[in-house]
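Data first, discussion second: the structure below is written as structure tokens.
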Amino acid sequence: MTVTFHNPPTAPPPAAAYSNLAEIDLGTARLLVLAGQVALDHDGELVGGDDMRAQTRQVFDAIGALLADRGATFAHVVNIRTYLTDLSRLREYGEVRARYLDGSAPTSTTVEVSRLFRPGALLEVDITAVVPGTA
């Protein structure tokens, strides 16, 4: 088993000293474990203000870029963990998330948290994906 860490330039860089993605080669498949993503752009600026839909789009665009860098898509996602600062906004988040998952139904956990590491961030999402074969 081999583990490699990636910070592809197609996604916003990590906000601190960590990797955006761990790739674990299991021989017949690759396990991708993504760090939590918040709505930051490539310059580290928060996108979307108090707009849950705009922040959610930014988060899922970043996740999509991380997946694509490793030859994966949202169809490979097996688990999503979501941290919302206001659970009453779950519907807004869910409407955008559904567009990216396009009918797939990975396992999911969603919790409300009092705050996230970046003031103004409304959500953080981390995912796990399994990609058949090796790259």
* To do: Quickly work out the T85-to-L101 label distance, labels modelled 7 Å from Cα along the C-beta direction, and quote it in nm with one decimal.
  => 2.4 nm
* Mean Cβ neighbour count within 10 Å, used as a protection proxy, ranking 81-89, 1-9 highest first -> 81-89, 1-9
* Among G48, G71, G103, which one shows the biggest mean-square fluctuation in a GNM of the chain, springs joining Cα atoms closer than 10 Å? -> G103
* Asked: In degrees between 0 and 90, to the nearest 10, how far off the longest principal axis of the chain does helix 90-101 point, with axes built from Cα atoms?
  -> 30 degrees
* How much length is gained if the chain between T2 and A29 is pulled fully straight, taking 0.36 nm per residue apart and subtracting their Cα-Cα distance, in nm to one decimal? -> 8.6 nm
* Structure fact -> Candidates A98, A121, A15; GNM for the chain (alpha-carbon contacts under 10 Å) flags as most fluctuating A98
* Please go through segment 37-135 and write out the GluC sites (Glu not before Pro) that DSSP classes as loop and that have at most 14 other C-beta atoms within 10 Å. => E45
* Structure fact -> So the compactness index of the chain, its C-alpha Rg divided by 2.2 N^0.38 Å, takes the value 1.01
* Compare D69, D61, D50 in a GNM of the chain, Cα atoms joined below 10 Å, and give the one with the largest fluctuation. => D50
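Values quoted throughout were computed directly from the atomic coordinates according to the rules given, and no laboratory measurement underlies them. Everything numeric in this text was worked out from a predicted model, so none of it was measured. Note that each Cβ is placed from the backbone with ideal geometry, even for glycine, and that neighbours are counted across all protein chains shown.
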